[in-house]
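Please read the structure below before turning to the comments.
The values are calculated or read from the model by the stated rules, or taken from the named source; none is laboratory data. Keep in mind that what you see is a predicted model, and the values were worked out from it rather than measured. When we count neighbours, we look across all protein chains shown, and the Cβ atoms used for this are built from the backbone with ideal geometry, even at glycine.
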């Protein structure tokens, strides 16, 4: 297998953490987004959609989405389970992973990509150059605030996002909560359940950057 | 189980098609988005995030995301498989489902929600009232065009989106291709592979609206 990573970006970090939690060692190639290497002709041959992470499987299947990489690795290397074991657990992991991605990760990226001068014309990942839309910055901040509230509500009644066990959903939410530093947003001081959850994940070896 | 549906919206239609492909009969309650019933106090008790579809499982787990509903039903009712069987197949289904959702469904919704006067302040689903951003209309159209190109490229080399077997990914893409009529976008005449795929799915009983 070959894993295309980028040390500075949150999406590949999600896959990197998942691989580390599985205890796997996979040949890794760094793609520097700072140097626009994801748009280079060489990398576009690997992934024409110009995104990282990418996992090339042993049978040369090209997997370009975090959920695909996690699904593949979970099926091939079931221990420790990170996608749930019972139907209810599997569904809860899928649900909270999707919520963390769409309600957390996407708005954080929206604020960053539409405000940072270095990301001019890179308002979305992928091969299309898209202009920044300043209105998305204020809207994204509202959504990020709502996500932190949602996280606190959930983690006040559940030790992990999807239930009693650490899972992919925690990886996704942790990476985006951590990445929110780029838009100067941290866990509110009063959100004690989220802070305890965040600090706990920070002690896992997989969270080392 | 109880399934909260909405006859006019694409997201619940995805779950409805999945349930029909599994041959399941589930008690269904209609939530009229036209009447803003998803924002009613009664429905917010079911799903505070104010979205449909919702599936309440037999053990009262509340599943609010399409991927969670599909994951649950696949685990409980494995036949016919709609999420793949081998690790590679499972990964391909997860990948193409995510691509159809983020590259297809989200831009179609973006165009509609930011242009339709009836969706003023409803620029995104969920409990937050968010103003329309006109710039997202042109951007969304570019992204929808790119999605149709991507679909044609994929379906020119693969009978179904995720490979040799009809799957959740086809349901997701079909529903959003069909829904693109609301933004006056149809499959380009020259995209013959996509048209054949679309017409074929249209003959399945699950595609009846």
Q) Any chance segment A:87-104 includes a residue that's outside any strand (DSSP E or B) and surrounded by fewer than 16 Cβ atoms within 10 Å (Cβ to Cβ)? A) no
Q. Among the listed residues B:37, B:89, which satisfies the condition of being away from chain A (no Cβ under 14 Å), at pLDDT 95 or above and over 19 Å from residue A:95 (Cβ atoms)?
A. B:37
Q | Members of segment A:129-155 found to be outside any helix (DSSP H, G or I) and either in contact with a strand residue (DSSP E or B) (Cβ under 9 Å, 6 or more places away or on another chain) or over 25 Å from residue B:125 (Cα atoms) (or both), listed by number | A | A:129, A:130, A:132
(Q) For the structure I just gave you, tell me whether residue A:19 is crowded, with 19+ Cβ neighbours inside 10 Å, at pLDDT 95 or above, in a helix (DSSP H, G or I) and facing chain B (nearest Cβ under 10 Å). (A) no
Q. Within segment B:66-78, is there a residue that is touching a residue at least 24 places away in the same chain (Cβ under 8 Å), away from chain A (no Cβ under 14 Å) and within 24 Å of residue A:162 (Cβ to Cβ)?
A. no
Q | Boolean, residue A:67 is crowded, with 18+ Cβ neighbours inside 10 Å, in contact with a strand residue (DSSP E or B) (Cβ under 9 Å, 6 or more places away or on another chain) and outside the structural domain of residue A:187 (by TED's automatic domain parsing) | A | no
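Yes/no per residue for (1) within 17 Å of the chain's Cα centre (by Cα); (2) more than 30 Å from residue B:117 (Cβ to Cβ):
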{"site": "B:146", "(1), (2)": "no, no"}
{"site": "B:159", "(1), (2)": "no, yes"}
{"site": "B:189", "(1), (2)": "no, yes"}
{"site": "B:199", "(1), (2)": "no, yes"}
{"site": "B:206", "(1), (2)": "yes, yes"}
**Q.** Scope segment A:116-128; condition at the interface with chain B (Cβ under 10 Å from one of its Cβ atoms) and free of Cβ contacts under 8 Å to residues at least 60 places away in the same chain; matching residues
**A.** A:123, A:124, A:128
